[in-house]
Each structure stands twice: as structure tokens, then as C-alpha cells.
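Asks: I am attaching a structure below and will ask some questions about it afterwards.
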């Protein structure tokens, strides 16, 4: 495995022993793209992992940026465990940028961000206390905050003035300075009044700030945040090419195992078939008694019965809060200074949209805070000139209220 810091100005790599500049040879790469063009967002979700979380993250980004899902690449990772769910750090990049990478990288590499490499380095080398990493690159300055070696926050600045950067860093208690800027005297002078450390690791020596991210990308598997835009799939041509001998050996062993199937094993299969037939007959009889009808094909009749019950459940709306519960929760969340103009949605979809006006940001924040106590998920999608639009999902219904 080779860690590759694919910077906007130059490429740095580290393979565990050697390091250098330019795109390295080899096929097992973990590539960290420059975060200079990356959109970073924080959000809270009721899940910490899984396919459902991925769908929620993409929907959140699409709604927030008003873009087509096909035009972006999204990477994310949980950074804080909450009482219900997790705080998620989301990174968004244009898909065309990822697809413009050399084919060697796209087909067989883990593609992530340089910031994730920095996070992996911190988790390995600075596992205690609070600290910040300032990655001063050619086209951006990234600020990463950590607690006990775990990434908590990422901010990327592309046009901030030196005064603005100093203002953002003035309260930091420990700062690790990395990137090309760490080797420039004018940058060190700018930050001289702050508690700044310039790292020096083997085998990089004085050039450690340049290879700080590449070192972490080499150790990507040990990172607490494994946000990745893409990873090699099991069935990629690259996988088969690298494991050809292993696959041939496995196939030969499987063939020999089939040839060695003995008569005793065939007899065992016959006995198992007889037992299965008797068990299936008894099972069908028990189902017939339970359902009150003769069961001959349970694999057909049982799903049909379940569909009938589901239709009955939908008809009776079993377990679903009524629309009145949603309207009541919205009404009870309203505060002074907030006027609700329109409420739309349905209890069956478990989603409502609230449109209105607020006299101040504080009133709107208080309204959203109240909504979060009564709904599973609350998302502010529009807020401009006193107008707002809020998406709500699943009202929290107390026992006996539905």
C-alpha cells in the first residue's frame, strides 16, 4: 500500500519505507485529493452507519446544494456519538474531478481527501488531549480539530486574509503546522505568537510537513475517519489480476473436493432428502391448522397472507401517527416571532414541510430547537430575508397519543 497526497500543486507519496514526489508506480494506492475544492458540511442523523445512512447523507447534500446526485461524489464519517444517532462530517467533491484522475488511480485505489490522511497521522501520533492541525497548502488552508486523536471538525479556507486566519486560531492551545507553508519563513513568522509545532518524523526529517498527509494515507486502515469517495470493488479487473494465482489454486482445490464426493455422502444426501420431505409435510399440516386453510405451497401462500395483512394494516393505519399529531407538534413548537404560513405533507409518508416567516434568527433557532424535541429529523433547507422552509421527518409520538 502507498499513500499518495494528490495536491493541487504537486504529488507526494510514501510506501512505508520510501517517499518522493510525482505519481508513484504500483497499483495499491490510497489517494488523498486536495481539499481546496471540497465542500465540508456537518449534520446529525439517527444512524451511524449502513445503507440507510448513505441515502440520508446524499439527500441532505442534494437538498442543501440543489444539485443532481450524479454530479457529485460524497464521502462521510461519524465524528461524534450522540444519545440518539451520530454527528456526521460530510465531504462533497465534483464527480467530474474524481473521474478526471488517471485511470491507474480510478480503477484500483481508495480515493479520499488529504485531510483524512492528516487525521490518520494525528490518531497514530497524537492520541491524547486537544489539538488542531493547520494544513497550509498552495491553494488552501485547512483547519482540522481533534480530541483524543479523533477528528471533530474540518474547515477549509481558500481566500481568508492573514488577519482572519489569526483570529480563527487565537484560542487554539496546540497547533501542528503542516503543508508547504510550514517550510516558508513568512508563514512561520505570521504564526509566531501562537503555540505552533512543526512536526519532524522519520524518515522525512525536515520535509515532514510535506509528507504529513501521505504518512497518514499510508496508514488509512488505522484511521478513525475512513471517509472515501470510492474504493476498489471485489470484482474489479485489478482484483483478479493481483490474485490470479490464488484464484487458480482455490479453483483446483474446489474441483478436487467435488471429485472426492463419496458414495457415503450420496447416501447421506438421500437420507436428508427423505427427512426433509417428512418435515415439510408436517410443517404444511401445522400451517393449515394455523391459517384455517389447506397449505400445499407455503412459499406462495404465506407471502400472499402477509400481503393481505399488510394491506389491512395500511387500511387501518396501524402504528402510524395521524396528521393531527404532526400539526400539534408543529403548533406546540412555535415561538414568538415565528409565523407559520404553510404546512404540507402526509402522515403516511412521515414527512412534512413547514414554510413561514421569522422576525429574527434567534426566533428561528428557538423554533428549530423545539421542533427537534418533537421530530426524529429536522432540516432547514431555506432561510433568507426572514423566510424559511423546514423539512420534518417522523413525529415523536408519546404512548397512547397515536
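The values are calculated or read from the model by the stated rules, or taken from the named source; none is laboratory data. Since we're looking at a predicted model, the values are computed, not measured. Neighbour counts run over all protein chains shown; Cβ positions are idealised from the backbone, glycine included.
Asks: Taking region 105-128 only, how many residues are over 17 Å from residue 213 (Cβ atoms), touching a strand residue (DSSP E or B) at 6+ places or on another chain (Cβ under 8 Å) and surrounded by fewer than 16 Cβ atoms within 10 Å (Cβ to Cβ)?
Replies: Step one: filter region 105-128 for residues over 17 Å from residue 213 (Cβ atoms), giving 106-108, 127-128.
Restricting the remaining residues to those that are touching a strand residue (DSSP E or B) at 6+ places or on another chain (Cβ under 8 Å) gives 106, 108.
Narrowing the set further to residues that are surrounded by fewer than 16 Cβ atoms within 10 Å (Cβ to Cβ) leaves 106.
Summing the residues that are over 17 Å from residue 213 (Cβ atoms), touching a strand residue (DSSP E or B) at 6+ places or on another chain (Cβ under 8 Å) and surrounded by fewer than 16 Cβ atoms within 10 Å (Cβ to Cβ) in region 105-128 gives 1.
Asks: Restricting attention to region 1-23, report how many residues are crowded, with 20+ Cβ neighbours inside 10 Å and assigned to a loop (DSSP other than H, G, I, E, B).
Replies: The initial filter retains those residues of region 1-23 that are crowded, with 20+ Cβ neighbours inside 10 Å, namely 2-7, 12-14, 19.
Adding the requirement that they be assigned to a loop (DSSP other than H, G, I, E, B) leaves 7.
The number of residues fulfilling the criteria is 1.
Asks: So for region 16-34 (the condition being closer than 19 Å to residue 119 by Cβ and modelled with pLDDT under 90), does at least one residue qualify?
Replies: no
Asks: What is the residue count in region 185-206 for residues that are part of a loop (DSSP other than H, G, I, E, B), in contact (Cβ under 8 Å) with a residue 40 or more places away in the chain and surrounded by fewer than 17 Cβ atoms within 10 Å (Cβ to Cβ)?
Replies: Looking only at that region, the number is 1.
Asks: Ok, one more. Filtering region 68-91 down to residues that are exposed (fewer than 15 other Cβ atoms within 10 Å of the Cβ) and under 26 Å from residue 101 (Cα atoms), which residue is nearest to the chain's Cα centre (by Cα)?
Replies: 69
To keep it simple, each residue is scored yes or no on (1) within 21 Å of residue 112 (Cα to Cα); (2) in the same structural domain as residue 123 (by TED's automatic domain parsing); (3) in contact with a helix residue (DSSP H, G or I) (Cβ under 6 Å, 6 or more places away or on another chain).
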{"position": "180", "(1), (2), (3)": "yes, yes, no"}
{"position": "191", "(1), (2), (3)": "no, yes, no"}
{"position": "197", "(1), (2), (3)": "no, yes, no"}
{"position": "203", "(1), (2), (3)": "no, yes, no"}
{"position": "214", "(1), (2), (3)": "yes, yes, no"}
{"position": "219", "(1), (2), (3)": "yes, yes, yes"}
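Asks: Exactly one of these conditions fails for residue 342: (1) at pLDDT 90 or above; (2) in contact with a helix residue (DSSP H, G or I) (Cβ under 6 Å, 6 or more places away or on another chain); (3) assigned to a strand (DSSP E or B). Give me its number.
Replies: (2)
Asks: Anything in region 358-378 that is more than 17 Å from residue 327 (Cα to Cα) and either surrounded by 15 or more Cβ atoms within 10 Å (Cβ to Cβ) or free of Cβ contacts under 8 Å to residues at least 24 places away in the same chain (or both)? List them, or say none. Walk me through how you get there before you give the answer.
Replies: Just the residues of region 358-378 that are more than 17 Å from residue 327 (Cα to Cα), to begin with: 358-366.
Residues satisfying the conditions are 358, 360, 361, 363, 364, 365, 366.
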